[in-house]
Amino acid sequence: MHKVTNIVLGGLGGQGVLTASDILADAVFRAGFDVKKSELHGMSQRGGSVSSDVRYGAKVFSPMVPAGEADYLLVLEPTQVEVNRPVLKADGVLIAPDVIPLDKLKNKKSFNVAMLGALSALLDIPEAAWLDAIHARLAAKLHRLNDEAFALGRAAARDRFHPT
Amino acid sequence: MSTEPQLLNGDEAVALAALHAGVALGTGYPGTPSTEILEYLDHIGGRAQWSPNEKVALEVGIGVAFAGGRALVTMKHVGLNVAADPFFTATYTDVDGGLVVVSADDPGMASSQNEQDNRHYARAAVAPMLEPCDSQEAYDYTLLAFELSERWKIPVILRLTTRVCHSKTLVRPRAEVAPPPAPGFRRDVPARVMIPAFAKPAHLRLRAKMVEIAAWNEAQGPNRVVAGDKDLGIVSSGIAAVHAQEAAPEASHLILGMSYPLPIETIRRFAAGVERLMVVEEGDPVLLESLRAAGIPVEGKPEMYRFGELNVNRVRRILAGDTSPEPVPPKGKPPELCQGCSHRDVFEVLRDMDCIVSGDIGCYTLGVLPPFSAMDTCVCMGASIGVGLGLRHSLPDEQAKRVVSVIGDSTFVHSGITGLAEMVYNPPKTGHVVIILDNGTTAMTGLQEHPGTGRSLNHDPTGKIHFEALGKAMGIQNVLSLERFADGHRLESVLRELLDKPETSLVVVRQPCVLAAPKIRIYERAALEKMSHACAAMPAD
């Protein structure tokens, strides 16, 4: 079968996990991939653990990332790392929230987009697709703030992970 | 119409198709995972409205379809229980406009009180059922459902599940969709007035329709074979189909888009071409039993996979016949009432007073969890009142006097009003106390309006039901309202006084939901502005 890239985003309700996965799915869609994204809404969102699966490649079947098959796990809240770890495959990459230098983040509400910036450093998706997806999802007055947060995360992950 | 692909979730795809089909009206009641269908239909310019409950929503939909308009009626799986009464007879009638009923099932109970499998409804009510596996099929099958509904004048069920509703996948809309019929009244008494004299032939007609639809499904139904190895053939429908294709890419697959009435001969031919045939289905063994009843040798899943959602790993285990214990994922943080939530204080009082709390469906069901641990029953929408009355009727007096029914505002309008009628009509000898937790919104499903908010689905002002006036008009002896911030400290003394009286009482505790309050202020401001513009535009006498 064709290679499918599996990404799981985890955090707590209210952190913007679902907004981040919307942007991620849209960015890979703009980059020309087949994409599926799945999550749960409703009672599970009331302040509890939230996670969202995004899968992309030439052809995706199930919208859910099978346990143990995530290539990347992006976690927005330290307490949620262990909760989500079983989704990660043996050589999968964990992107934990400490990758973002919080002192340089202007507004903590854009933390989710900063984390996407970190993920973007590891994926082969054009930067323009990311920025277009961010701008399509967020109000115009928030664009500059989030562009900066995205750039911050992208640079931080390059320092941390040294992607080739 | 643009055929450019869009990334939509299943709910949005249904709404887009309904818009393209020229739907006259979308009706429904909010319920995870179906809620976004009508919200998105309104958002993209269609006409959509929330009804007080699913029964009324379906009845309105039947009327729209009798008038020749296309109607989309949306609900979660348990909503179809509420709408079952009109549904089971609507199938006997002839509709002119297409009537599509969306049942959004929640296997695994992400946000529901049970995981009933609504495929049983298709057979029980005798209605064709379509089951998309992704957003593209959700779009395509919505259009197909309208087409079939009009061709055979029958309501059609579009069955979605959580992972179809809330997964985003690519949708390529159609360039052209057949325009809707023009509404107009056509009198057809034998086909629409279900007295026994007309219903008897109507039942015969319905069965004849199903024979025709089954033949259509065999010849040109939305079922597809994905050819593969001959040693394993898998029959599936809905979301299970994509899990199965991923879990067994080498196998032959028969994916059923229309799961009722089944294309049994198509399945039989597929079965004949493979050495081993398996059904992969989420929930109950509905397909399995139908195939076995038709004499097709087929294997199903071990009983343990009846429970919860399927996923790729579980399907791999099913195919391998693996019944060893499944790995248990680490427990996440459970949901909780928001900080500042207006329900918190009420449950603290109920806990501290050691009340027996008959609860209901909504955010406030979280009152069952620590630190409140203040709920003793929760069954279905509206049950708090009837169950509370039943507890009062049978418990010894000292316990009966501690029973309180707690119900949210939207749930109260949905199915609490008849509970009040019961309380007035058959009052327990110790009396009873019903508390409406009025937070001014349908919070759990994502802040939808309802008839008690005075705003319609798109948040424009409309008629409003006043709970206290309703309670008084129904003859409840004590009707009180408390504004939580102003009177919150009084709740305990008020409750003590009422619990001590052998009388019927209704207490409305009012405080907007913390998540909804900023939005409500915006809606109210917009309504005022609209009104002042309208006044300014009025001609002076």
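The values are calculated or read from the model by the stated rules, or taken from the named source; none is laboratory data. Note that the structure is a prediction, hence the values are computed from the model and not measured. A quick note on method: Cβ atoms are made from the backbone with ideal geometry, for glycine too, and the neighbour counts reach across all protein chains shown.
Can you tell me how many residues in region A:93-108 are touching a helix residue (DSSP H, G or I) at 6+ places or on another chain (Cβ under 8 Å), part of a helix (DSSP H, G or I) and either farther than 21 Å from A:Ser52 by Cα or touching a residue at least 60 places away in the same chain (Cβ under 8 Å) (or both)?
The qualifying residues number 3.
Any residue at all in region B:343-356 that's more than 23 Å from B:Val82 (Cβ to Cβ) and within 14 Å of chain A (Cβ to nearest Cβ)?
yes
Tell me, please, whether a residue that is under 24 Å from B:Glu348 (Cβ atoms), modelled with pLDDT of 95 or more and crowded, with 19+ Cβ neighbours inside 10 Å can be found in region B:452-462. Break it down stepwise before answering.
In the first step, residues of region B:452-462 are kept if they are under 24 Å from B:Glu348 (Cβ atoms); the result is none.
Scanning region B:452-462 turns up no residue that is under 24 Å from B:Glu348 (Cβ atoms), modelled with pLDDT of 95 or more and crowded, with 19+ Cβ neighbours inside 10 Å.
Which of the numbered conditions does B:Gly228 fail, given that it passes all the others? Conditions: (1) crowded, with 20+ Cβ neighbours inside 10 Å; (2) of a type outside the set (A, V, I, L, M, F, W, C); (3) within 14 Å of another protein chain (Cβ to nearest Cβ).
Of everything listed in (1) crowded, with 20+ Cβ neighbours inside 10 Å; (2) of a type outside the set (A, V, I, L, M, F, W, C); (3) within 14 Å of another protein chain (Cβ to nearest Cβ), B:Gly228 misses just condition (1).
Give just the number: which of (1) in contact with a helix residue (DSSP H, G or I) (Cβ under 8 Å, 6 or more places away or on another chain); (2) under 30 Å from A:Ser38 (Cα atoms) does B:Gly228 not satisfy?
(1)
All but one of (1) part of a strand (DSSP E or B); (2) modelled with pLDDT under 95 hold for B:Ser2; which doesn't?
(1)
All but one of (1) under 15 Å from B:Phe412 (Cα atoms); (2) of a type outside the set (D, E, K, R); (3) out of contact with any Leu (no Cβ under 8 Å at 6 or more places or on another chain) hold for B:Leu389, so report the exception by its number.
(1)
Which of the numbered conditions does B:Gln49 fail, given that it passes all the others? Conditions: (1) under 28 Å from B:Gly454 (Cα atoms); (2) in a loop (DSSP other than H, G, I, E, B); (3) touching a Leu at 6+ places or on another chain (Cβ under 6 Å).
(2)
To keep it simple, each residue is scored yes or no on (1) under 24 Å from B:Cys165 (Cα atoms); (2) in a helix (DSSP H, G or I); (3) more than 13 Å from chain B (Cβ to nearest Cβ).
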{"site": "A:Gly47", "(1), (2), (3)": "yes, no, no"}
{"site": "A:Tyr56", "(1), (2), (3)": "yes, no, no"}
{"site": "A:Phe61", "(1), (2), (3)": "yes, no, no"}
{"site": "A:Gly68", "(1), (2), (3)": "no, no, no"}
{"site": "A:Thr79", "(1), (2), (3)": "no, yes, no"}
{"site": "A:Glu82", "(1), (2), (3)": "no, yes, no"}
{"site": "A:Asp91", "(1), (2), (3)": "no, no, yes"}
{"site": "A:Ser110", "(1), (2), (3)": "no, yes, yes"}
{"site": "A:Met115", "(1), (2), (3)": "no, yes, yes"}
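Take region B:270-299 and flag every residue that is within 18 Å of B:Gln245 (Cβ to Cβ), under 30 Å from the mean Cα position of the chain (by Cα) and not acidic (Asp, Glu).
B:Val279, B:Val280, B:Leu287
Which ones in region B:320-339 are surrounded by 19 or more Cβ atoms within 10 Å (Cβ to Cβ) and either of a type in the set (A, V, I, L, M) or in contact (Cβ under 8 Å) with a residue 40 or more places away in the chain (or both)?
The answer is B:Leu337, B:Cys338.
Per-residue answers, yes or no, for (1) within 23 Å of A:Asp22 (Cβ to Cβ); (2) assigned to a strand (DSSP E or B); (3) among the aliphatic types (A, V, I, L, M):
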residue: B:Glu12; (1), (2), (3): yes, no, no
residue: B:Leu16; (1), (2), (3): yes, no, yes
residue: B:Val23; (1), (2), (3): no, no, yes
residue: B:Pro30; (1), (2), (3): yes, no, no
residue: B:Ser34; (1), (2), (3): yes, no, no
residue: B:Leu41; (1), (2), (3): yes, no, yes
residue: B:Gly45; (1), (2), (3): yes, no, no
residue: B:Lys55; (1), (2), (3): no, no, no
residue: B:Glu59; (1), (2), (3): no, no, no
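Mind listing just one residue for me: the one in region A:13-34 that is at the interface with chain B (Cβ under 9 Å from one of its Cβ atoms), over 11 Å from A:Asp53 (Cβ atoms) and buried (at least 21 other Cβ atoms within 10 Å of the Cβ) and, of those, nearest to the chain's Cα centre (by Cα)?
A:Asp22
Here are some residues: B:Pro335, B:Pro325, B:Pro329. Which one is of a type outside the set (A, V, I, L, M, F, W, C) and touching a Lys or Arg at 6+ places or on another chain (Cβ under 8 Å)?
B:Pro335
Can you find even one residue in region B:177-198 that is over 21 Å from B:Ala24 (Cβ atoms), in contact (Cβ under 8 Å) with a residue 60 or more places away in the chain and in contact with a helix residue (DSSP H, G or I) (Cβ under 6 Å, 6 or more places away or on another chain)? Spell out how you get there, then give the answer.
Taking region B:177-198 as the starting set, the residues that turn out to be over 21 Å from B:Ala24 (Cβ atoms) are B:189-190, B:193-198.
Of the ones still in play, those that are also in contact (Cβ under 8 Å) with a residue 60 or more places away in the chain are B:194.
Narrowing the set further to residues that are in contact with a helix residue (DSSP H, G or I) (Cβ under 6 Å, 6 or more places away or on another chain) leaves B:194.
Yes: region B:177-198 contains one or more residues that are over 21 Å from B:Ala24 (Cβ atoms), in contact (Cβ under 8 Å) with a residue 60 or more places away in the chain and in contact with a helix residue (DSSP H, G or I) (Cβ under 6 Å, 6 or more places away or on another chain).
Scan region B:466-484 residue by residue and report those that are among the hydrophobic types (A, V, I, L, M, F, W, C) and surrounded by fewer than 16 Cβ atoms within 10 Å (Cβ to Cβ).
Across region B:466-484, the qualifying residues are B:Ala469, B:Ala473.
Give, as residue ranges, the helices (runs of 4 or more DSSP H) completely inside region B:115-181 that count at least 1 residues that are among the polar types (S, T, N, Q), at pLDDT 95 or above and surrounded by fewer than 24 Cβ atoms within 10 Å (Cβ to Cβ).
It comes to B:135-152.
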